[in-house]
Amino acid sequence: MRAVLRFLILLFAVVAWTPCARAQAPAEAPEPGADMPTDRPGFNAPASVVGAGVVQIEMGWSTVRGRDGVYGSAGPQPLLRIGATRNLELQVTSAGLAAECVAACDWHGADVAGGARYLLPVTPLGLSLAVTGLLSVPTGSVAVSSEHLDPLGIVHVDRAFGPIGISYNYLVTRIHDEEGDVAAVRHGHGLNIGTSVGRWAPYVNFGWRPLHVDGRTPILGELGIAYRVARDVQVDVAATRGLTSAEAVWSLSAGVVLRHRPR
């Protein structure tokens with residue numbers, strides 16, 4: 001059971017760290033209020049930051065069904081983003097609580113990660129570029145914690161083609177995939193294609209997770225949509241399908257983004 005829980009938490013943790021892409025992200029962060037860059041929903045994170053003085057909280061709930069018939073749930077998956085400058089933000093994130101269930105659950109607290117994202121102030125060949133560094137600290141319950149310090153680095157590359165945006169993420173982490181004390185450096189990838197139609201932002205996403213399950217890489221396909229309720233409020237839903245036997249059969253998620261801008 002512990003191996004199953006650890007696997008599910010690794011899935012949720014990666015999702016919490018690296019969510020959705022937008023159609024376009026400027027190389028220099030906009031003034032607060034001009035745009036609302038979010039990391040929800042999904043696997044891919046855009047090359048954008050929230051902007052100086054902005055405090056943004058992104059939360060969600062997810063449920064997943066493994067190929068062995070085991071269900072897992074996680075929430076509220078908080079991601080706190082604090083804009084330090086126009087091009088730099090600080091981040092604190094976690095899967096929150098997790099359990100091997102859907103409704104009646106025995107919840108366990110997950111590990112917490114902290115770090116920062118920097119948006120490069122240049123756009124070579126029209127590309128928006130950003131880098132994120134996070135360090136996961138084993139603060140969670142022994143039932144679900146990795147029990148190790150797990151670093152994660154992400155390179156974000158965005159490019160807009162008219163109303164269509166393409167975003168690519170390259171991830172590298174030092175992770176303990178299975179039981180034992182041996183760690184390995186793993187690599188992951190995310191590819192997102194999205195657009196914006198009024199308040200709606202639909203997308204399709206493919207993700208290669210930076211972990212191995214029985215020597216295989218989990219690969220997923222995802223469909224999702226976000227809706228801008230108000231200037232500082234956004235909600236989202238997403239559905240994911242496993243494309244390899246190492247990935248869960250499916251998962252569903254929903255979330256909300258709340259922002260506080262400087263006066």
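With respect to R186, is the statement that it is in contact with an Asp or Glu (Cβ under 9 Å, 6 or more places away or on another chain) and of a type outside the set (A, V, I, L, M) true? Working first, answer last.
Working: in contact with an Asp or Glu (Cβ under 9 Å, 6 or more places away or on another chain): yes; of a type outside the set (A, V, I, L, M): yes.
Criteria met by R186.
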Worksheet item: Which residue pairs have Cβ atoms closer than 9 Å, lie 6 or more positions apart in sequence or on different chains, and pair a first residue in the range 61-80 that is in contact (Cβ under 8 Å) with a residue 24 or more places away in the chain and closer than 16 Å to V213 by Cα with a second residue that is surrounded by fewer than 16 Cβ atoms within 10 Å (Cβ to Cβ) and among the small types (G, A, S)?
Response: R67/S245
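Residue by residue, here is whether (1) polar (S, T, N, Q); (2) surrounded by 17 or more Cβ atoms within 10 Å (Cβ to Cβ); (3) part of a strand (DSSP E or B); (4) over 16 Å from the mean Cα position of the chain (by Cα) holds:
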site	(1), (2), (3), (4)
R67	no, no, no, yes
G72	no, yes, yes, yes
R86	no, yes, no, yes
L90	no, no, yes, no
C101	no, no, no, yes
D106	no, no, no, yes
G114	no, no, yes, no
R117	no, yes, yes, no
P121	no, no, no, yes
Worksheet item: Do we have S145 as within 25 Å of G109 (Cα to Cα) and either surrounded by fewer than 16 Cβ atoms within 10 Å (Cβ to Cβ) or touching a Pro at 6+ places or on another chain (Cβ under 7 Å) (or both) here?
Response: yes
Item to complete: Could you tell me which numbered condition R263 fails, if it satisfies all but one of (1) assigned to a loop (DSSP other than H, G, I, E, B); (2) closer than 26 Å to G75 by Cβ?
Response: (2)
Practice prompt. Filter the range 228-263 down to residues that are touching a Ser or Thr at 6+ places or on another chain (Cβ under 7 Å) and of a type in the set (G, A, S), then give me how many there are.
Written response: 4
Discussion item. Name the single residue that is modelled with the lowest pLDDT among those in the range 142-163 being small (G, A, S) and in a strand (DSSP E or B).
Written reply: A160
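Looking at the range 103-110, is at least one residue of a type in the set (D, E, K, R), farther than 21 Å from N192 by Cα and without any contact (Cβ under 8 Å) to a residue 60 or more places away in the chain?
Step one: list which residues in the range 103-110 are of a type in the set (D, E, K, R), which gives 106.
Subsequent filtering for residues that are farther than 21 Å from N192 by Cα retains 106.
Okay, now just the ones that are also without any contact (Cβ under 8 Å) to a residue 60 or more places away in the chain, so 106.
For the range 103-110, residues of a type in the set (D, E, K, R), farther than 21 Å from N192 by Cα and without any contact (Cβ under 8 Å) to a residue 60 or more places away in the chain: present.
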Fill in: Filtered residue count, the range 149-163, keeping only those that are surrounded by fewer than 15 Cβ atoms within 10 Å (Cβ to Cβ) and either in contact with a helix residue (DSSP H, G or I) (Cβ under 8 Å, 6 or more places away or on another chain) or closer than 19 Å to N205 by Cα (or both)
4
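Here's the yes/no breakdown for (1) in contact (Cβ under 8 Å) with a residue 12 or more places away in the chain; (2) hydroxyl-bearing (S, T, Y); (3) on the phi > 0 side of the Ramachandran plot:
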{"position": "A98", "(1), (2), (3)": "yes, no, no"}
{"position": "V112", "(1), (2), (3)": "yes, no, no"}
{"position": "A116", "(1), (2), (3)": "yes, no, no"}
{"position": "P124", "(1), (2), (3)": "no, no, no"}
{"position": "S128", "(1), (2), (3)": "yes, yes, no"}
{"position": "G133", "(1), (2), (3)": "yes, no, no"}
{"position": "V142", "(1), (2), (3)": "no, no, no"}
{"position": "H156", "(1), (2), (3)": "yes, no, no"}
{"position": "G162", "(1), (2), (3)": "no, no, yes"}
Worksheet item: Inside the range 35-65, can you point out the residues that are hydrophobic (A, V, I, L, M, F, W, C) and in a loop (DSSP other than H, G, I, E, B)?
Response: M36, F43, A45, A47, V49, V50, A52, V54
Fill in: Unique match (being of a type in the set (A, V, I, L, M) and touching a helix residue (DSSP H, G or I) at 6+ places or on another chain (Cβ under 9 Å)) among A113, A130, A52, A84
A113
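The values are calculated or read from the model by the stated rules, or taken from the named source; none is laboratory data. All figures in this text were calculated on a predicted structure; none of them were measured in a lab. With ideal geometry, Cβ positions are generated from the backbone for all residues, glycine too; neighbour counts draw on all protein chains shown.
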